[in-house]
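S.K.: Once you've had a glance at the structure underneath, I'll fire off some questions.
Bear in mind these aren't lab numbers, they're just calculated from the coordinates by the rules spelled out. Fair warning: this is a prediction, and the values are worked out from it, not measured in the lab. Glycine gets a Cβ as well: all are built from the backbone with ideal geometry, and neighbour counts include every protein chain shown.
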Amino acid sequence: MTEKSKTTRTRGRPVYRPSIEDRKTVEQMKFCGESDNTIARALNIDPDTLRKHFADELADGHAQRRKEVIGLMFDAARGGNVAAIKKLEEMGRVAAASEAVNSRGKKEPKLGKKEERRIAAENVGGKFATRQPPKLIVNNGK
């Protein structure tokens, strides 16, 4: 093999190189809820190529675009846009409510009749409590 054939491909399709514009497109389409197959078709690439070259955008694209939208809403609210102010206030209320629900913790699972009776039987005290077995003294020749 020559040096030239080691570094360049002469057969098959050229290696895919994602552009910055392609990365923005993937983030935007993922933010809007498009599937991986639809995004790949829009870029004229295979879905496996999409997952290989755009793993970060597919994983974090929604979060990055949501951050951008929220930033734009804050800018509009600071500029006096009443609709943006109301929407941000609503988003804050919803976030606070969901955080309060999550902070309560999970309830204990409700026990069935059999489990309740078993626990009650284990906790019986007084004259109805089960007796302790006698302690045996064993002398094994020592």
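S.K.: How big is the shadow of the Cα convex hull of the chain, averaged over all directions, in nm²?
M.R.: The number I arrive at for the chain is 28.3 nm².
S.K.: Using Cα positions and a limit of under 18 Å, work out the aspartates and glutamates in reach of Lys113, with same-chain residues fewer than 8 apart set aside.
M.R.: Of all the aspartates and glutamates, those that pass the test against Lys113 - Cα under 18 Å, at least 8 places apart if same chain - are Glu122.
S.K.: Given Lys67/Lys106; Lys30/Lys52; Lys24/Lys67; Lys24/Lys86; Lys24/Lys52, which pairs have Cα atoms separated by over 19 Å? If you can, show how the numbers build up before the last one.
M.R.: Working: Lys67/Lys106 30 Å; Lys30/Lys52 15 Å; Lys24/Lys67 14 Å; Lys24/Lys86 29 Å; Lys24/Lys52 16 Å.
Lys67/Lys106; Lys24/Lys86, as the Cα separations exceed 19 Å there.
S.K.: Still on this structure: What number, rounded to the nearest 500 deg cm²/dmol, is the helix-based mean residue ellipticity at 222 nm of the chain, given -39500 (n - 2.57) per DSSP H run of at least four residues and division by all its residues? It would help to have the intermediate numbers written out before the result.
M.R.: Details: 7 runs with 88 residues, N = 142.
Estimated from H runs of four or more residues: -19500 deg cm²/dmol.
S.K.: Oh, and also: Quick one: Arg118, Arg65, fewest Cβ neighbours within 10 Å first, how do they rank? Show your work: numbers first, answer last.
M.R.: Numbers: Arg118 12, Arg65 18.
Starting with the residue having the fewest Cβ neighbours, the order is Arg118, Arg65.
S.K.: Based only on other Cβ atoms within 10 Å, what is the fewest-to-most ordering of Ile119, Ile137? Don't jump to the answer; show the numbers that get you there.
M.R.: Values: Ile119 10, Ile137 5.
Ordered from fewest to most neighbouring Cβ atoms within 10 Å, Ile119, Ile137 come out as Ile137, Ile119.
S.K.: For the residues Leu43, Leu111, what sequence is obtained by ranking on other C-beta atoms within 10 Å, fewest first?
M.R.: So the ranking, lowest neighbour count to highest, is Leu111, Leu43.
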